[in-house]
Amino acid sequence: MNTARLIFALLAGCVLSACQMPVSFVRQEVIRKPILVQPVNSSSSPLYVWHGSGQPGPVRVTIDLSEQKAYIFRNSENVGWSYVATGRSGFRTPTGTFVISEKVVNKRSNKYGSIVDANGRVLRSSATAGVHSASGGRFQGAKMPYWMRLTSNGVGMHAGPIPNPGSPASHGCIRLPYTMAQQLYSVAPTGTRVTIVP
């Protein structure tokens with residue numbers, strides 16, 4: 001009985017004197033914050049995020065020209081995003097709703113590329129077919145891997161450099177990082193709807 005009174009007196013004394021209870025008696029709440037996992041050698045934001053491999057359903061893509069980002073949806077659920085490089089000044093990327101009408105894994109541009117000699121050495125880079133020529137050279141179109149055509153006049157999505165994420169850099173096409181272009185190519189069949197907004 002005396003032991004019970006002693007414990008009660010100690011507890012009452014703690015409450016009245018505003019002392020802290022031992023940690024083992026206090027309920028601890030842990031707040032967990034999301035962690036961005038990046039490669040060890042990375043010092044900047046990722047170029048893309050993809051978490052839709054196991055997700056079934058139709059694919060839809062929205063490309064935001066002001067953000068220079070593509071958002072990928074499956075069954076109206078966002079399953080990834082990617083920086084893109086769209087048309088720079090003088091090479092506008094069209095806005096509107098399109099569908100993927102053609103897919104080619106190893107496509108080359110028939111308009112933009114380089115002038116090369118018989119051995120493949122570049123005589124002139126940044127060449128336009130029918131505009132630039134060089135003696136003894138021939139036009140070689142720029143590589144556009146994982147080509148997904150959107151317009152009849154040659155605008156589509158494909159793998160390509162994103163030199164300054166958030167800034168336009170192409171001749172009008174929508175460039176995606178190589179791995180993201182490969183991923184999108186594998187899940188987006190012809191007929192996939194692509195909406196490009198200003």
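The table below gives the values:
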{"read-out": "Pro34 being at pLDDT below 95 and open to solvent by 90 Å² or more (accessible area, probe 1.4 Å)", "value": "yes"}
{"read-out": "Residues satisfying the stated conditions in segment 138-152, i.e. in contact with a helix residue (DSSP H, G or I) (Cβ under 8 Å, 6 or more places away or on another chain) and open to solvent by 20 Å² or more (accessible area, probe 1.4 Å)", "value": "Pro145, Tyr146"}
{"read-out": "Residues satisfying the stated conditions in segment 53-68, i.e. in contact (Cβ under 8 Å) with a residue 60 or more places away in the chain, open to solvent by less than 60 Å² (accessible area, probe 1.4 Å) and either farther than 10 Å from Val194 by Cα or under 12 Å from the mean Cα position of the chain (by Cα) (or both)", "value": "Val61, Thr62, Ile63, Asp64, Leu65, Gln68"}
{"read-out": "Top-ranked residue in segment 44-79 [being among the acidic types (Asp, Glu) and part of a strand (DSSP E or B); ranked as farthest from Thr93 (Cα to Cα)]", "value": "Glu77"}
{"read-out": "Residue match in segment 73-80 (condition: modelled with pLDDT of 90 or more, surrounded by fewer than 16 Cβ atoms within 10 Å (Cβ to Cβ) and touching a Phe, Trp or Tyr at 6+ places or on another chain (Cβ under 8 Å))", "value": "yes"}
{"read-out": "Candidate set: segment 153-194, residues that are of a type in the set (Ser, Thr, Tyr) and open to solvent by less than 30 Å² (accessible area, probe 1.4 Å); chosen: the one nearest to the chain's Cα centre (by Cα)", "value": "Ser170"}
{"read-out": "Members of segment 100-137 found to be of a type outside the set (Lys, Arg), in contact (Cβ under 8 Å) with a residue 60 or more places away in the chain and either open to solvent by 70 Å² or more (accessible area, probe 1.4 Å) or in a loop (DSSP other than H, G, I, E, B) (or both), listed by number", "value": "Ile100, Ser101"}
{"read-out": "Residue list for segment 81-94, filter: in contact with a Leu (Cβ under 7 Å, 6 or more places away or on another chain) and either assigned to a strand (DSSP E or B) or open to solvent by 40 Å² or more (accessible area, probe 1.4 Å) (or both)", "value": "Ser82, Tyr83"}
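The values are calculated or read from the model by the stated rules, or taken from the named source; none is laboratory data. Since we're looking at a predicted model, the values are computed, not measured. Positions of Cβ are generated from backbone atoms using ideal geometry, with glycine treated the same way; all protein chains shown enter the neighbour counts. Heavy atoms of the whole protein, side chains included, go into the accessibility calculation; ligands, DNA and RNA do not. Shrake-Rupley method; radii C 1.70, N 1.55, O 1.52, S 1.80 Å.
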